[in-house]
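One structure below.
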Amino acid sequence: MKKVKSGDKKNILVSTYLLIILLPVITAYYYYSEALSINGFLSFPLDDPWIHLNFAKNLVDYHSFSYYKDQIVTAGSTSPLYVFILVIGFLFTNNEMILSYVIGTAFFGFAAFVFYKLALKEHDNNILYGFLITLVFILDPRLNFIALSGMETTMFIFLLLLGVYFYKTCNTILLGITLGLIFWARPDGIAFIAAIGVDFIYQKWIVKDEKENNSRPIFSLKEISKVVGIFIMFLLCYFAMNLYLSGSVLSNTYGAKVAFYTDTDVRITFLKVYIWDFFTEYQFAYLMPGFLILLVKSIYDLTKRKYNSYSIYFLFIFIFIFIYLVKIPLFSRFGRYFMPMIPFYIMISISGYFILVEMLKGILKNLIVRKIIVSCILLFLLILTFISFKTNCEYYAYHSKYIYDRHVKTAHWLRDNTNENDIIATHDIGAIGYYSKRKVIDIVGLINPELTKESYRDDYNEVVTDFFNKNGVTYTAFYREWFLTLNQNPVFYSPDDQALEAIYVNNFYKDKSKILPRKINYLLNDSRKDIYDKNGINMIADMNAIIKTEPDFALAYFYKAYGYLYNRDTANYEINIEKAIELFPDFKDALMESGKIAKKKGDLADAKLKFERMLVLEPGNTAAITFLNELNSQSINK
């Protein structure tokens, strides 16, 4: 009978392994199909995936780790390991979207498998508990979101979990290899490597001898030396590649993203707002009590020099947060840089509830009652996670469209309306670099690291303007909120002129075009509420501050005119509209207003002149056509 039961358990275990790998594929496919149904096209919710894809495609086509054909050879990828995997994928398909989805989902499945193995290990091989805990991991909305983002995140998570597993099972060779791959996957993986080192020191020399504790990884100094030796070989190869490509041991992304000047207030905000919110939003709020319970238990074990099997999970989270606090105390879009902590947080938090129930066994003496309570807690967390999972699907679809409407459409316009020799300057080089098929200049510094050290200067606009002049830039593509060009109409904008973070494409004329200081953008952004609220007094003050910085900025006079209009000062309204046209004769909005003013005053000739000019600049403008028809009717009647 025992053999049969053992065989049955083995069959159940194998079945759950297969199910655990299959479920992430199903959940990710659900997000994929829903987004495709809502949007009607495939996209990513981030621009960065196309950076990896561009490096990979050029490796395949030009055998060069470069961003444009074989001409921009640089260490511009955060994750060279992910790029190499994409290269293999491109040998089988040219569909960059499906390739990225498949790789992201596959690693999500592999990560779920290893997570399940760890859950079994932490909970005495209880298949039901291990399965339910892993379901919380699989249904996590952020993980499903990032699995289809085209990023290396699920691969990184898989390697981190694999590192924990090999550490806990004392697999020397595979642990060393995994640590090396983790660094190649993402340099911030150094947090995990540091966590392994601290945990080893603690359990080797601080923890009292607990031979009966099977969860405690025991490495000899010889074995740990072997792990370090293997890791160093991978590390030296990584450094050598970057030195060859860019002359620095780390990738350009490190220099581009590290905060050179960060005050204490920013770091406090990072902890109080970004980190705390990340771990307490949605269903995560119900995991926090379990996290705190196990944290207290772990601190108690530390004071008693007892080994705690969850120490490696805690160490990674705290060291990971510390590195970002010191180096990059800023919130990444969707918190994607923090997502590798999710499986560690889930494992700790749910286990904290297990420990709480176990601590109450003096009150809850019946084992069955305790198991029922634990099962109810797991089911409650699962229901909350599933609700968030469903809700987040539309969120994924929305942000995929958001990026498509801005970045992909802009890239397609550049591909179809510029010459092959044109050079595009932008701050988001992903989709624009991949689809436009044009050489790009990256003002963030991922592929132009020479700009990185200058990017925090107040006069950075002058730095990039000079760089553009020297490097033959012919077009700029910037978020309106980031950079503006002085007194130029964009030749293209997407998705529309009023949308948040619309991308403006402008001609860049050597020694003529002028990029405005970021201070002006900040002032404009701060004034948007006054514009929306039609607060004339504040609008005039806001625009005067901008004019003080850039006296020739026509848009500031245009908004200032509206400030006077809201204050019912028509004389100054008209004066500032004409000033805007004087500074920028092709200012379409100002021409429209000036035409309406002239029409209202009965100066039909001037009004006609303004509306006709408007139609030259924007053929098909319905408002200008309507006004011209009205003027022509008035002329006929006269």
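Can you tell me which residues in segment 512-532 are surrounded by fewer than 14 Cβ atoms within 10 Å (Cβ to Cβ) and of a type outside the set (Lys, Arg)?
Those that are surrounded by fewer than 14 Cβ atoms within 10 Å (Cβ to Cβ) and of a type outside the set (Lys, Arg): Tyr522, Asn525, Asp526, Tyr532.
With the structure loaded, tell me whether Ile21 is assigned to a helix (DSSP H, G or I), in contact with a Gly (Cβ under 9 Å, 6 or more places away or on another chain), open to solvent by less than 30 Å² (accessible area, probe 1.4 Å) and touching a residue at least 60 places away in the same chain (Cβ under 8 Å) or whether it fails that test.
no
Sort out which residues of segment 594-632 are among the acidic types (Asp, Glu), out of contact with any Leu (no Cβ under 9 Å at 6 or more places or on another chain) and part of a helix (DSSP H, G or I), and write them in order of number.
Asp606, Glu630
Looking at segment 393-441 only, could you name the residues that are more than 19 Å from the chain's Cα centre (by Cα) and among the β-branched types (Val, Ile, Thr)?
Thr410, Thr418, Ile423, Ile424, Val440, Ile441
Being in contact with a helix residue (DSSP H, G or I) (Cβ under 6 Å, 6 or more places away or on another chain), touching a residue at least 24 places away in the same chain (Cβ under 8 Å) and small (Gly, Ala, Ser) is the filter here, so list the residues in segment 579-633 that pass it.
Residues satisfying the conditions are Ala580, Ala590, Gly595, Ala607, Ala624.
Of the residues that sit in segment 305-321 and are touching a residue at least 40 places away in the same chain (Cβ under 8 Å) and either of a type in the set (A, V, I, L, M) or more than 23 Å from Phe166 (Cβ to Cβ) (or both), which one is surrounded by the most Cβ atoms within 10 Å (Cβ to Cβ)?
Out of the qualifying residues, it is Ile312.
Residue-by-condition table, conditions (1) without any contact (Cβ under 8 Å) to a residue 60 or more places away in the chain; (2) within 28 Å of Ala425 (Cα to Cα):
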residue	(1), (2)
Val505	no, yes
Asn521	yes, yes
Lys529	yes, no
Ile577	yes, no
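Return the residues of segment 33-89 that are open to solvent by less than 20 Å² (accessible area, probe 1.4 Å), in contact with a Lys or Arg (Cβ under 7 Å, 6 or more places away or on another chain) and in a helix (DSSP H, G or I); say none if nothing qualifies.
If the condition is that a residue be open to solvent by less than 20 Å² (accessible area, probe 1.4 Å), in contact with a Lys or Arg (Cβ under 7 Å, 6 or more places away or on another chain) and in a helix (DSSP H, G or I), then Asn58 is the only one that fits.
Can you confirm whether segment 148-159 contains a residue that is in a helix (DSSP H, G or I), farther than 28 Å from Val83 by Cβ and not small (Gly, Ala, Ser)?
No, segment 148-159 contains no residue that is in a helix (DSSP H, G or I), farther than 28 Å from Val83 by Cβ and not small (Gly, Ala, Ser).
Quick test of your reading of the structure: Asn94 fulfils all but one of (1) in contact with a helix residue (DSSP H, G or I) (Cβ under 8 Å, 6 or more places away or on another chain); (2) open to solvent by 40 Å² or more (accessible area, probe 1.4 Å). Name the failing condition by number.
(1)
Which count do you get for residues in segment 455-490 that are in contact (Cβ under 8 Å) with a residue 60 or more places away in the chain, touching a helix residue (DSSP H, G or I) at 6+ places or on another chain (Cβ under 8 Å) and open to solvent by 40 Å² or more (accessible area, probe 1.4 Å)?
Residues meeting the conditions: 2.
For segment 279-303, give me each residue that is exposed (fewer than 15 other Cβ atoms within 10 Å of the Cβ) and either free of Cβ contacts under 8 Å to residues at least 12 places away in the same chain or aliphatic (A, V, I, L, M) (or both).
Thr280, Glu281, Ala285, Leu292, Val296, Ile299, Tyr300, Thr303
Residues that are in a helix (DSSP H, G or I), in contact (Cβ under 8 Å) with a residue 12 or more places away in the chain and within 24 Å of the chain's Cα centre (by Cα): does segment 194-209 have at least one?
The answer is no, given that none of the residues of segment 194-209 is in a helix (DSSP H, G or I), in contact (Cβ under 8 Å) with a residue 12 or more places away in the chain and within 24 Å of the chain's Cα centre (by Cα).
With respect to Tyr493, determine if the residue is in contact with a strand residue (DSSP E or B) (Cβ under 6 Å, 6 or more places away or on another chain) and open to solvent by 50 Å² or more (accessible area, probe 1.4 Å).
Spelling it out, Tyr493 is indeed in contact with a strand residue (DSSP E or B) (Cβ under 6 Å, 6 or more places away or on another chain) and open to solvent by 50 Å² or more (accessible area, probe 1.4 Å).
Mind checking whether some residue in segment 177-187 is within 26 Å of Ile12 (Cβ to Cβ) and open to solvent by 30 Å² or more (accessible area, probe 1.4 Å)?
No: segment 177-187 contains no residue that is within 26 Å of Ile12 (Cβ to Cβ) and open to solvent by 30 Å² or more (accessible area, probe 1.4 Å).
Select, from Ala556, Ala499, the only residue that is hydrophobic (A, V, I, L, M, F, W, C) and at pLDDT 95 or above.
Only one candidate passes the filter, namely Ala556.
Need the failing condition index for Ile190 against (1) open to solvent by less than 60 Å² (accessible area, probe 1.4 Å); (2) in a helix (DSSP H, G or I), just the number.
(1)
Would you check if Tyr509 is free of Cβ contacts under 8 Å to residues at least 40 places away in the same chain, open to solvent by 50 Å² or more (accessible area, probe 1.4 Å) and among the hydroxyl-bearing types (Ser, Thr, Tyr)?
Considered against the rule, which asks whether it is free of Cβ contacts under 8 Å to residues at least 40 places away in the same chain, open to solvent by 50 Å² or more (accessible area, probe 1.4 Å) and among the hydroxyl-bearing types (Ser, Thr, Tyr), Tyr509 comes out as yes.
For Ala75, all conditions in the list (1) within 22 Å of the chain's Cα centre (by Cα); (2) at pLDDT 95 or above; (3) of a type in the set (A, V, I, L, M) hold save one; what is the number of the exception?
Evaluating Ala75 over (1) within 22 Å of the chain's Cα centre (by Cα); (2) at pLDDT 95 or above; (3) of a type in the set (A, V, I, L, M) leaves (2) as the failure.
For residues that are surrounded by fewer than 16 Cβ atoms within 10 Å (Cβ to Cβ) and part of a loop (DSSP other than H, G, I, E, B), tally how many sit in segment 558-585.
Qualifying residue count, segment 558-585: 2.
Can you confirm whether segment 408-424 contains a residue that is touching a Leu at 6+ places or on another chain (Cβ under 8 Å), among the hydroxyl-bearing types (Ser, Thr, Tyr) and touching a residue at least 60 places away in the same chain (Cβ under 8 Å)?
no
The values are calculated or read from the model by the stated rules, or taken from the named source; none is laboratory data. Quantities reported herein were computed from a predicted structural model and do not represent experimental measurements. Cβ: placed from backbone, ideal geometry, glycine included. Neighbour counts: every protein chain shown. These accessible areas exclude ligands, DNA and RNA; they are computed on the full protein's heavy atoms, side chains included. Shrake-Rupley method; radii C 1.70, N 1.55, O 1.52, S 1.80 Å.
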